Structure formats: C-alpha cells, structure tokens
1. Within chain A, count lysine pairs with alpha carbon atoms under 28 angstrom apart where the residues are 8 or more positions apart or belong to different chains.
2. With charges only on Cβ, +1 for K and R and -1 for D and E, what is the dipole size of the protein assembly as shown about its Cα centre, in debye, rounded to 20?
3. As I understand it, the value is the acute angle between the Cα axis of helix A:165-184 and the longest principal axis of the Cα atoms of chain A; what does it come to in degrees, rounded to 10?
4. Please list, ordered by chain and number, the residues whose modelled amide H lies under 5 Å from the amide H of B:H276; skip anything fewer than 5 residues away on the same chain.
5. Hey, can you grab everything whose amide H is under 5 Å from the amide H of A:S37? Only 5+ residues off in sequence or another chain; H modelled, so Pro and N-termini drop out.
6. Quick one: how many lysine pairs does the range B:2-158 have with C-alpha atoms less than 30 Å apart and a gap of 8 or more or different chains? Give me the count, please.
7. Pick out which of A:V23, A:V56, A:V256 has the largest mean-square fluctuation in a Gaussian network model of chain A, springs linking Cα atoms closer than 10 Å.
8. So what is the diffusion coefficient of the range A:239-289 in µm² per second by Stokes-Einstein at 20 °C and 1.002 mPa s, using a Kirkwood Rh over Cα pairs?
Amino acid sequence: MTTTLGRPKFDFSKFPEGGLLAVIVVLGLLLAIFGGSVQLPKFQIGPDGKRERAMVTNAAGQQVPAFETVNKFFNARTLVQIAKDTSFFAIMAVGMTIVIITGGIDLSVGAIYALASVSGALILSPYGPSGGGTATVLGVVTTIGVGALLGFLNGAMITAFNVHPFIITLGTMAIYRGIAFVQTNGQSIGGFPDGFRAFVRWEWLPDLSMVPLVVMLLVTIAGGIFLAQTAIGRKVYAVGGNEVASRYSGIRVGWVKILAYTLTGLAAGIAAVLSLGYYGAGSSGDGQGYELNVIAAAVVGGASLIGGKGTALGALLGAVILQMISNGLVILNIPQNYSQIVIGLVVIAAVLLDQFNAVMAKRRLLVRTSAIKKEVASAAESAASSTK
Amino acid sequence: MAFLSVEHISKTFPGVKALDDVSVEFEKGTIHALMGENGAGKSTLGKIIAGVYTPDKGVIKLDGQEVKPTDPRIAQELGLAIVHQELAFCPNMTVAENLMLGSMPAKAGFVNWNKLRDRAKSLLLEIGSDIDPDTPLAQLTTGQEQMVQIASCVGTNAKMIIFDEPTSSLSTRESEHLFELMERLKERGVTMAYVSHRMDEIFRICDTITVLRDGKFVATEAIASTNRGRVIRQMVGHEVLTERPKYLDLQPGEEILRVENLTSTGKFQNVSFNVHRGEIVGMAGLVGAGRSETATAIFGLDRNAKGDIYIKGKKMSIGNVNEAMRRQIGFLPEDRKRAGLVLGMSISDNVSLPHIDHFSPLGFVDRKREMIEIEKLTKRLRVKAPSLDSITAGLSGGNQQKVALAKWLARTCDLLIVDEPTRGVDVGAKAEIYHLLDEVACQGVAILMISSELPEVMNLSRRILVLREGFLTGEVVRENFSQEALLHLMA
C-alpha cells in the first residue's frame, strides 16, 4: 500500500494574505472607534447642477453653512484619501515584490520615479495647459517608458557584471536622481495639458478621486496574474528559491532577473504618471526616500528578502497597512513625527510574525509527514511478516 | 563498563519524535556504527552526544558519571566531538586560524601568527595530513576539510568522536585515508561512533553496530555476529533485492549520445564515448576525476568545453542548456539540495519547472493539466508526501531524490544523465530508484549513470566508463566487471 498524493485542496492556511486582511480590519475598527467624529462642511448639488455649500437656517433666522458629523476615519472622503496616498507606494511595491522574489532588491525605485516623472514633465510642459490628446499620450508613454528603461538598465547591469543588486541600485539611485537634477536644474516642471490633469484627478463624487485607486487595483491584479498564473512568474519564484537549480532546469536566469527589474521600473513609471497628473508638476526631488517605504510595504506584505516568496496582493495590503498607520496617527491626533518610529516597528513585527507563521507551517507539515512515515513503516512491516 | 552510555534518551522535534527511549553503550576504543534509514534518529543521537541537541529525557554517562553536554563547547570540554558534513568552520579563514579558533595564541590581544601556524601544523602532522596550514579553508576539497575537522577534534583531546556520514562526499581514496586514520585513533584509545548508509564501510571498519528504526532502538550486535541481510531487515523490515536489471535482456537501440574529444581545461581531457538507446552506461572514477564535470558539459552547463557532442547523430552546440533540453537530455545533478531542487517550492512546482513552458500554452500555466501529469508521475515513483503542494524541503532524502528524478521523467527524454542517483537515500528508496532506472532503460531511454558506489554501477550498467584525473582510462563490458579491474583503472 502506498500513500496517494492527493491533488491540493484549498486550505485557508495557504492564503497568506488572510493575516494581512485581518490586520487591516482590526486597524480600521480601532481607528473608527478611537478616532472619534469630526464636523465636515456639508455640500449639495445646487439647482444649476453645481456643487455648493448646503445652508441651514439657525435659531436667529439667519442662513448659515451646514455641517455634518462623520466618523473621523470611517467616511468615504478619508478612505479614498488613504487609498490615493497608498496607490503610489502600492504600485511600486508590486514591482518591488517581483524583484524581491528573485532574491534581489531595488534601491533606485524612488530615483526612477523622479527621473521618469521629470522626463514626462519635460515632454508635457511645452504643450502647456491647452495641449491635447497627442501631448498626453506622448507624455504618458515617455514617463512609463523611461521607468521601464531605467529598470532594464538596472537588471542588465546586475546580470552582466554579476554584482549584488544592492550595490548596482545603490549606484543607480544616485545616478538617476542626478540625471533628473541636471535635466531640470533642480526646478519643478509644471504646466501640463488640462485634459491630462483632469483625467487623473477625475472624481466620481466630490472629493472622491478614483483614478489612482483604480490604477493601483489594476496593477495589483496584473502583477498577481503575472506571478501566479504565468510560466515566467513561476520562473521568478524558482530563480529566487534556488538560482543554481533554476539554471539546471534550463531557466534563463539572467533574463528573468532583467525582466523583474524592468517591471519594477515600469511600475515606478506608472506611479510617476499618476503623480504628474495629480500634483501637476515633476521635480528631481520627487519620491525622495520612497524606496524604503516601498520595500517596507513589500516586506510587510510577506515578501522574503531571501527570495522565493511574496505576492502582489500582499504588496498592496502591506502598502495599505503602512498608509493606514501613517494616516491613523493623524486621525488619533498623535504627532506625525512619531509615524516613522511606528512604521519601523511595524516592519519588524511583520517579519517576526511571518517567521512565527513559517515555524507553525513547518510543524504542521512535520505532523503530516510523520503520520505518513508511520503508515509506510507499518505497511512495510506487515508486508515483511506476510512473506515470512 | 562502557566508556559512554546513553540511557533512555528521547528527543522530540516539532511534530516528530526523533528518538524514543533509546539506550546504547559505546565501549572504549571501538568503532560503533549507528545505522538506520533516513529519519531513523542516528544523526540526532550523534548530535545529542556532541551537545548539538539536548535530549528531552534520558541521561548520558561518561565513565559511569552522568554528564550533561548541553552545548558543543561543554561537550568539547568533556572530550566529545563530532565531524560532520555541514562545515562548522569559517571558509574565508586559513586552516590554521580555523584550527585554533577556540584558543588563538595571543599576547595582549594580538595574535601570535608564528605560534598559531606551528601549532596547527603539528596537529595536522599528528593525523598524518600534509595540508598547508596557510591555505584558506574554502580552497580545500571536502575530504581535506574533514581532515581539518578531525585535526581539530584531536587538538581538543577528544576521547570520543562522532562521524556523521563522513564519506558521503569523499572519493574512494579519501575514504581510505579516513579509515586508516580511524584505525590509528582507535589504537590511541579513542572511541568512535560512525553514522553512515554504506554497508561496505561499516562491515569493514566497525566493531559493533546499533540499528535504529523510526527513532526506536532495534538492536546492538557485534559486527562478527551479524550480516548485511540481517542489518537491512532490521532497518526496513524487508530485504532489498539486488536483482539483475531487466533491460539487459533487450537489445540496445541506436546510438543516442556520441561524445568526441570533449575537453574542458582543468576538468577533463579528450573524453570520447557513446550511449545507446535502452542501455545504462556507468561512469566510475574518484571524486575529482571529471565525471560530474563531463556530465555537466554534456548538459550544456560548461561554456568552456570544447569538442563534439552528437545527439542522434546530429551535432549539438556546446554550453547551451536550452538546446540540450530541446534535444531531450535530462540531468539529475549530484547535489539535489544545491542544484536539483528549489527546496522552498512544492513538489509539483519542482517537477514541472523544466517543462513549465510546455505546460503553459500562451504563457499561462495550465494548472489542471500540470497537476494531472505530475500526479501520474509521482504515483509511479511512489513519492510519499502529504500532497503535491508539500514543500520539498520537508521531505526525506529519498523522496526529494524521487522528485528531482521526476523532473526529467515528466516528458519523454532520449538521454537521462544521473549523477549519484542514490546519494544520501535510504535502502528502501535506493531499491526503488534502481527499479525505476531499469524500467526507464527498458522503455528505450539511454542512461548515463555516474556513481561512486561500485556495487551500484556494477549491478546496473551494461558497460562502465572509467575516468581518472580527467582522462577516460577505460571501458569495461559487463562480462569483465570486477572490483579489481575497475579499481585498477580508477587509481
């Protein structure tokens, strides 16, 4: 008798993002409960179809602006605000996760974001506010293209020189930002086509800016499909899990790595497009220090710096958690200065939790394996005794 | 009275009982074999004596006195040392520095380099080794590293040394050297425990044998009063048959692989041979003779190789793995943990790795088809694991090896190169792998098998190629197989 190898069934313990979702729910509840409420100006759509302040008549018979009392955290405006703030980091964290899965790291994402943004700005700016669709397309393609190209250069150098990605991207972090500075003389470049800005800033309801949110979700879905469903995605995990074994399995390790860095650059380019449209300007100082937030989001999201582990959804949720904490401190009236300390602690706590989880998973596996071993041994024994 | 005795030792690791109420007595100045399948608990027992692990229950008595070697340092002070595979040294430091790591001769905090070198040299001489103490450890062969470990044990005045599978990556010559050294240590009254899978060695050098199974004590017997069949029965409960492979009764087919004057500087020179469909060709030689290197070059992983490789009569370019795989070559590498498997990935992901593009029309993995094919394969190979989703790191050596082999059986291949297919695998899995290779050969695959175990190559091969120091020194056909003939060509 042999133990049959069943095909895998769905098992909740194999859904690693479950823990992150739980953390988000708990954080949300805490913020909703302890954040208290706030009075916000009330708006309404006037008879002319425009948005205007709602008025009420007070005791003295005067018309005064109306206010509404809402939960400080749990209201549409705050939630969308958090989502928008998250989107820049989350988009880059999805790319970063791919690189981290290969066992690498990209310290230059912030600089790629800046140089891509400046390059796009230099294309868009000459068209001015009256620029049309061609200008917009050209600007968007340039921004994303420059991001991807810079990522490709990272990957190509890492592969060709066989130098640790930490070193290469530490170098390109300075180089890329330096080029952005030289290009712009440190000036902020603005004055983009109105159509472009209006598109990125499009609001579904007043103050509910949805485009960054939607782009973030699309990037996460694309990243998730890439990693989990495609052959190249599988190779990404294999390269990070064991580079030598991957080579012995015929995987072109160098190209997989180059692709990973290119995709991270591409993600930084997409984030740069959103920032250009949303804030209306690009400068060489954009995204200063973003690399650390992005790496933190990926790590909180379950990516292992040793390689071989991580998911796109995890990256998104990791970014959401960090942003919720950062915004949450404001909601709780804790001085913003503390946010760095808290975020640092969260990163360490997340990694510790992950390690604990890995130990538990190993324990579960050992229990199952030893059960099988016993079964096999007893089968062997009974076979032996029957032949005697 | 025994020199060292362990009494009623139990040790549990998360989820698995590694040792369950085990008692063994080690007599002074003897070599005592610890045998058992993978996971039987023999290594765990060795590590408990050497203070690497602390037992949950039970006592250890040294000369009748209870001792508690709770960490390797305390064990060392008690004279209990271990020589094992995983290096306990710093690879970037020299041999001398490593040997003196615990007791650097120093004055006012500064190392006395001359004294350090002299002491290291005299230690190495004591065990009859001519290793230069100034060599960085990373430059030594595995065998030399082991010599350094032994020198270190002697240096700390070890009275008992545990050898944990010391020969599994040694060449025959290095093993011989090790055995001589063990004999000398024995004469000096050192007690030794010898953990190994290799029956030949145990029956040659050991005095006593203790068999463990599934963490439980089975028997302790004098070597003189037992035999292999009995030991194997004690280990697995059934006897492993070494029957004649069936493929030998079939006619080999056309030539699949022809290698002409294959050379890679510093590794092997002018190697020429061929392998036909439906036969197993063995490749014997000492470690460093260039066997694995030749195999690696045929599989396209050596860009510096020169010469000609023909697959089914058509020339293949050198140094291109992907072409080798397109030409239906499969390669089971020597070191499954380093090169054979991605240990952090599941069984199914590992098996499909070389063929992932094949399973992915349009770039998207067809999970369903992948699973169906892999399930068929793992059933045929009798891989024992909770599910196809199990991470390979948690499997036993034998099951890991089956998964590594399955990678190349997932699709038809014309040539299968297997490098040490049964290394570190328990007896039961070994027999299964032999059957499998035979079966695959019967199906018309050409197999090139590298192995350091002569009985293994001699039993399975139709012809044996022998390499020595990078040169092909001979080819022996089955009628002429004998240990003497092969050893003569090897050394």
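1. Lysine pairs meeting both conditions in chain A amount to 27.
2. Dipole magnitude for the protein assembly as shown comes out near 1620 debye.
3. Helix A:165-184 sits roughly 20 degrees off the main axis of chain A.
4. The list, which skips near neighbours in sequence, is B:I256.
5. Placed amide hydrogens put A:K72 under 5 Å from A:S37.
6. Within the range B:2-158, the lysine pair count is 28.
7. In this elastic network of chain A, the residue with the biggest mean-square fluctuation among A:V23, A:V56, A:V256 is A:V56.
8. Numbers: Rh = 13.3 Å.
Value of D from the Cα-based Kirkwood radius: 161 µm²/s.
Since every read-out is calculated from the coordinates, none of them should be taken as a lab result. In this text the structure is predicted, and so the values were computed from the model without any measurement. Glycine also receives a Cβ, built like all others from the backbone with ideal geometry; neighbour counts cover every protein chain displayed.
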